[in-house]
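Asks: Please see the structure below; I have some questions.
Only the coordinates and a few stated rules stand behind these numbers; no lab work does. These numbers were taken from a predicted model, which means no experiment stands behind them. Counting neighbours? That spans all protein chains shown, and the Cβs are built from the backbone with ideal geometry, glycine included.
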Amino acid sequence: MPIAPTSVLTPLIVVYVLLGFALLVLCLATRWRWWVKALMVLLVSGFYFVGQHSFWLVSGWPTTDELPRRFVLLSAVFDEPSPARGHKGAIFIWVNPIEDNQPLSMPRVHQLPYEPDLRRILGDGIKKARDGNTQIGTTEPRRGGSGLPWLRPGNDSPVEIKLSDVPRAQLPEK
């Protein structure tokens, strides 16, 4: 079962309050050297960034992690590139990962770099899904392109996404 954001945020807030209180008490009530107190302040500040990263993971922002090997395509949004503004564009894709031939209950949004071919594949998949044909996606390592990655032109995505229709259930004969 996925973790609800409130169940993660409440302990995180309590930890911040306790840590801040402990830092205040230690800095005011002790005769420790100034560098020990400064080190503690830096340590607490570091915990802030760890907490911010944890919050980012549970707050619904798109992830740039790899797509799951198999997934159900739910939706996609295309942010078109704008060369005049220097905007590279992006593709946001909502998927339900499939484990043990069952989709998980919580979808996840992934952010992918904009590619015209990927936009075409996902656009066709969304149209088919609207027509009632659920789309199953798979990711496979991209073939070809030997040599150093920075020497290869164009597409630098390490995976290739393929979509297919879910087979319709066959009813038994009467």
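Asks: Name the pairs whose Cβ atoms lie under 9 Å apart, with the first residue in region 85-101 and at positive phi, the second in a strand (DSSP E or B), and 6 or more positions between them or separate chains?
Replies: Final answer for the pair search is Gly89/Phe78; Gly89/Asp79; Gly89/Ser82; Gly89/Pro113; Asn101/Arg70.
Asks: Continuing with the same structure: Quick one: in region 76-98, which of the residues that are small (Gly, Ala, Ser) and over 22 Å from Glu140 (Cβ atoms) is farthest from the chain's Cα centre (by Cα)?
Replies: So the residue we want is Ala84.
Asks: Leu67 - would you say it is under 20 Å from the mean Cα position of the chain (by Cα), part of a loop (DSSP other than H, G, I, E, B) and closer than 19 Å to Asp165 by Cα?
Replies: Yes; evaluated as a whole, the condition is true for this residue.
Asks: OK, next. Within region 70-119, can you find the residues that are within 20 Å of Pro167 (Cβ to Cβ) and either part of a loop (DSSP other than H, G, I, E, B) or among the hydrophobic types (A, V, I, L, M, F, W, C) (or both)?
Replies: Phe71, Val72, Leu73, Leu74, Val95, Ile98, Asp100, Asn101
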